[in-house]
Amino acid sequence: MTMPEKYDVVVIGAGPAGYVAAIRCAQLGLKTVCVDEWINHKGDSSLGGTCLNVGCIPSKALLESSHLYHQANAEFKQHGISVSSLDVDVGIMQARKNQVVHDLTQGIQALFKANKVAFIHGRAKITSTDSIEISSRETRKKTGELKARHIIIASGSSPVRLQQAPLKNGYIVDSAGALELTDVPERIGIIGAGAIGLELGSVWSRFGSQVVLLEAMQDFLPTADKKLANLAKRSLKKQSLDIRLSARLVKAEVKNKKVQVVYEDTSNPKAAGEQKETFDKLIIAVGRKPNSDRIFGEELGIERDERCFILVNERCQTSVPHIYAIGDVVRGPMLAHKGSEEGIMVAEHIAGNHAEVNYDLIPSVIYTHPEIAWAGKTEEECKAAGIKINTGSFPFIASGRARAMGETEGLVKIITDAETDRVLGVHIFSAQASELVAQAVLMMEMQATAEDIALTMFAHPTLSEAMHEAALSVHGRAVHIKN
Ligand code: FAD
Ligand code: NAD
């Protein structure tokens, strides 16, 4: 019988949390193996988890293609550029997206090799506090066993399913299915107006689909600053995204090659009652749940909360201290960069170094157009916490660069502590807000005040100047707007 191979660290999962943790562990001199069971549509093992295979990257590739189409269709004219006929070949667009995904997943393989991270394709299960059994995802048969001084669980999350709307190939799909559409549907229904609903709704509406989003909550984007959420809602509605709030799904079924949806308008039950809609496709985008149920048995004592998230402390240690859990499988926002930073922190901790994650400064971005991005506290959070604040804002209509780009929609809003002048939150609705928000995180990490930003020089003409002007406006000193 072959002896199980011994490692300093076994990482379960090669998504943005796991693969980053594995690389950093190896860089720190720890003998590291990463185990992942992902199989792509060609049946090949593929690294990068949800993010690279069916999440962040493919969705951004389609958002880019659809934005270019929209610009050619609606915006080129203003530049004097005429296009005699415009069409989209969804097959070519999807092939490009698949190539982007393929190249990036291969890139992780190369990074593993360069950093001497061993990789095993298969399903991992922790069988004792230092043993991991590997089995084949397909046959479920045991294929190997590993011994580890430390284990990092980075098994990610999966889409939440709805009993009222079971997936039906080609008609009722989850986010992964919605990234694979082969033509432009006439009418698309989306259950859930969160990050996925808004991004994928934007993709297909730009190509001409009628998109209806049915959202159970009464508030639109409840975790965003209210002012920004309202601006974004108005803008997306103008772009023909039909966002219906307080919409409770009753059932969805496929009949005559169409999806029939019944929902209730809970904001006005008397007047509205049950509503009916018919779609060519229905996308279910109602959140994700942690993958924590097949990784270990109860006897190990690794605790989970009532929603199945693995319980961890601020260092991401589970109730068994040398077993860590990071990324979507633990508390906090389900975001790739949050998981990656936890991966780095855990690797450093295992190597005996100090590291921490600042959970107060995780940037959020929704890649609609304009983009919605923020970091730090919202005005509502500050008020609820009894913090006295000042605010400053600057609209992009007053930015020279935004005008030159034809991107005048939106604004930057900065919230500062009224006593210390420290920046507490930055909220941006604009083109390239995803890039601008990095400045906001840096400001707050460096504990900058509005005065510090006001005294900083920004290149002209740039969208970043709006950050400068918003900081100036906190004290009524903005130059390019009336304070
Ligand atoms: P995952 O990426 O889910 O990876 C987990 C890995 O673990 C998988 O590869 C899986 O095969 C493996 N695994 C699970 N169990 C086992 C086991 N027992 N044995 C072996 N392997 C196992 N986030 C952003 O920050 N920005 C975005 O723009 C963004 N866009 C998104 C768009 C979509 C459509 C979706 C669905 C998600 C998006 N996200 C985005 C969220 C982001 O993808 C996740 O937060 C991120 O992938 C979580 O990383 P993770 O490493 O924790 O888990
Ligand atoms: P989400 O939590 O962002 O949004 C889900 C929405 O569905 C919520 O608004 C919720 O109220 C609604 N909902 C839940 N049940 C419902 C029901 N029965 N009927 C109608 N509406 C219902 O989740 P998501 O959009 O599925 O995305 C999953 C995760 O992936 C999120 O945690 C998100 O952070 C991440 N993600 C991030 C990005 C990004 O960073 N740009 C993009 C896509 C996904």
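What residues have an amide H closer than 5 Å to that of residue 319, excluding those fewer than 5 places away on the same chain, when H is modeled at 1.01 Å from N in the peptide plane?
Here the answer is 303, since their amide H atoms fall under 5 Å of that of residue 319.
Rank the residues 141, 77 as a footprinting-exposure proxy: fewest other Cβ atoms within 10 Å of their Cβ go first.
Working: 141 7, 77 11.
With the fewest neighbours first, 141, 77 line up as 141, 77.
If you take the Cα Rg of the chain and divide it by 2.2 N^0.38 Å, with N the number of residues, what do you get?
Numbers: Rg = 24.0 Å, N = 483, 2.2 N^0.38 = 23.0 Å.
Cα Rg divided by the expected 2.2 N^0.38 Å: 1.04.
Please sort 339-347, 233-241 by packing, taking for each peptide the average over its residues of neighbouring beta carbons within 10 angstrom, highest first.
339-347, 233-241
Explain nothing, just compute: Karplus ³J(HN,Hα) = 6.51 cos²θ - 1.76 cosθ + 1.60, θ = phi - 60°, for every residue of region 209-224 in order, whole Hz, x for Gly and Pro.
With the stated coefficients, region 209-224 comes to 5, 7, 10, 10, 9, 9, 10, 5, 6, 7, 9, 8, 6, x, 8, 7 Hz.
Counting only DSSP beta bridges with both residues in region 172-286, what percent are antiparallel, rounded to the nearest 5? Display every interim value, and only then the final one.
Details: 14 of 29 bridges.
Of those bridges, close to 50 percent are antiparallel.
Amide H to amide H, which residues 5 or more places from residue 371 or on other chains are under 5 Å from it, using H placed in the peptide plane?
It is 430, 431, 432, 433, by chain and number.
Using unit Cβ charges (K, R positive; D, E negative) and no other charged atoms, how large, in debye to the nearest 20, is the dipole of the chain about its Cα centre? Intermediate results must be reported in sequence, preceding the final value.
Details: 54 positive and 57 negative charges, 204 e Å.
The calculated dipole for the chain is roughly 980 debye.
As an exercise, use a Förster radius of 30 Å and the Cβ-Cβ distance of residue 311 and residue 361 to find the FRET efficiency, rounded to the nearest 0.05.
Working: r = 23 Å, r/R0 = 0.77.
So, using R0 = 30 Å, E works out to roughly 0.85.
Can you compute the charge dipole magnitude of region 424-483 about its Cα centre, using +1 on each Lys and Arg Cβ and -1 on each Asp and Glu Cβ, nothing else charged? Give it in debye, rounded to the nearest 20. Present the calculation step by step, with values, prior to reporting the outcome.
Working: 2 positive and 6 negative charges, 43 e Å.
With only Lys, Arg, Asp and Glu charged at Cβ, the dipole is about 200 debye.
State the antiparallel share, in %, of DSSP beta bridges confined to the chain, rounding to the nearest 5.
Numbers: 54 of 88 bridges.
Of all bridge pairs located within the chain, approximately 60 percent are antiparallel.
As a test of the formula, what do you get for the chain when each DSSP H run with n ≥ 4 contributes -39,500 (n - 2.57) and the sum is divided by the residue count, at 222 nm and rounded to the nearest 500 deg cm²/dmol? If you can, show how the numbers build up before the last one.
Details: 14 runs with 144 residues, N = 483.
Calculated from helices alone, the mean residue ellipticity at 222 nm is -9000 deg cm²/dmol.
Can you spot the lysines whose alpha carbon is less than 18 Å from residue 168's alpha carbon? Ignore those fewer than 8 places along the same chain.
251, 255, 257, 258, 281
Can you grab the distance from the C-alpha centre of region 21-84 to the C-alpha centre of region 210-225, Å, no decimals?
25 Å
Residue 136: net charge of surrounding residues, Cβ under 10 Å, Lys/Arg +1, Asp/Glu -1, itself excluded? Present the calculation step by step, with values, prior to reporting the outcome.
Details: positive: 123, 137, 140, 141, 142; negative: 37, 138.
Net of charged neighbours comes to +3.
By its C-alpha gyration tensor, with a ≥ b ≥ c as the square roots of the eigenvalues, how is region 172-286 shaped: rounded for a/c under 1.5, else prolate for a/b larger than b/c, else oblate?
Details: a/c = 1.84, a/b = 1.13, b/c = 1.63.
The shape class here is oblate.
Please work out how much length the chain gains when fully extended from residue 73 to residue 3, using 0.36 nm per residue of separation minus the C-alpha to C-alpha distance, in nm with one decimal.
Values: separation 70, 0.36 × 70 = 25.20 nm, distance 6.31 nm.
Length gained, residue 73 through residue 3: 18.9 nm.
Please state the charge dipole magnitude for region 180-299, taken about the Cα centre, from unit charges on C-beta atoms (+1 on K and R, -1 on D and E), reported in debye and rounded to the nearest 20.
Values: 20 positive and 17 negative charges, 104 e Å.
That gives region 180-299 a dipole magnitude of about 500 debye.
Based on other C-beta atoms within 10 Å, arrange 263, 367, 324 from fewest to most. Please report the intermediate quantities before stating the final value.
Numbers: 263 24, 367 21, 324 29.
Result, fewest neighbours first: 367, 263, 324.
Using the Karplus curve 6.51 cos²θ - 1.76 cosθ + 1.60 with θ = phi - 60°, what ³J(HN,Hα) values do you get for each residue of region 473-478, in whole Hz, with x for Gly and Pro?
In residue order, the calculated couplings are 6, 4, 10, x, 10, 4 Hz.
Would you please give the residues with an amide H less than 5 Å from that of residue 156, counting only those at least 5 places away or on a separate chain, with H modeled from the backbone geometry?
Sorted by chain and number, the residues that satisfy this are 291, 328, 329.
Give me 365, 261 ranked fewest to most by other Cβ atoms within 10 Å of their Cβ, as a rough exposure proxy. Let's see the in-between values first.
On the way: 365 19, 261 24.
Going from least to most buried by this count: 365, 261.
Every number here is computed from the coordinates shown, using simple stated rules; none is lab data. Everything numeric in this text was worked out from a predicted model, so none of it was measured. Note: ideal-geometry Cβ built from the backbone for every residue, glycine included; neighbour counts use all protein chains shown.
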